[in-house]
Amino acid sequence: MRFEATVDVQLKPGIADPEGATIERALEALGFDDVARVRAGRSFHFEVDADDAGAARSRTEELANRLLANPVIEESTVEVTLLSEVTR
């Protein structure tokens, strides 16, 4: 079966986020005073073949921890969804 996988990567809480801080200052300068605590991150989307959703999630988490995120300073969240035959 084929699954669509999404991995979102962000800095762990307490780790300085200079990109997020820069975005927050720019938003304030543009008049978006009601926005606060901006954190920047990355998002990865891909397809993975696996026997079931559990195997797809496990494989995607392994990929995220070994390549996409630095587990010392970043955390990742994983989402997997079965692709239907129509969307392939």
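The values are calculated or read from the model by the stated rules, or taken from the named source; none is laboratory data. Since the structure is predicted, the reported quantities are computational estimates derived from the model, not experimental observations. As a convention, Cβ positions derive from the backbone with ideal geometry for all residues, glycine included, and neighbour counts pool all protein chains shown. The protein model used for the area step is the full one, side chains on, heavy atoms only, and it has no ligands, DNA or RNA in it. Shrake-Rupley method; radii C 1.70, N 1.55, O 1.52, S 1.80 Å.
A few notes on this one:
- Dimensions (Å) - the chain, Cα atoms, principal axes, largest first: 49, 32, 15
- Equivalent ellipsoid of the stretch 44-83: semi-axes from √(5λ) of the C-alpha gyration tensor, largest first, are 20, 9, 8 Å.
- Solvent-accessible area, 1.4 Å probe, carbon plus sulfur percent, for the chain: 53
- Our coupling estimate for the stretch 40-47, obtained by passing each phi through the Karplus curve with A = 6.51, B = -1.76, C = 1.60 and θ = phi - 60°, is 8, x, 10, 10, 10, 10, 7, 10 Hz, Gly and Pro reported as x.
- Close amide H contacts of E74 (hydrogens built in the peptide plane, cut-off under 5 Å, sequence separation of 5 or more or a different chain): K12.
- Axis of helix 18-29 versus longest Cα principal axis of the chain: the two differ by about 50°, to the nearest ten degrees.
- Projected label distance in nm at L30 and E47, using a 7 Å step from Cα toward the beta-carbon: 3.4
- In the chain, helices alone account for a calculated mean residue ellipticity at 222 nm of -8000 deg cm²/dmol, with every DSSP H run of four or more residues adding -39,500 (n - 2.57).
- For the chain, the relative contact order comes to 49 percent (Cα pairs under 8 Å, sequence separation of at least 6).
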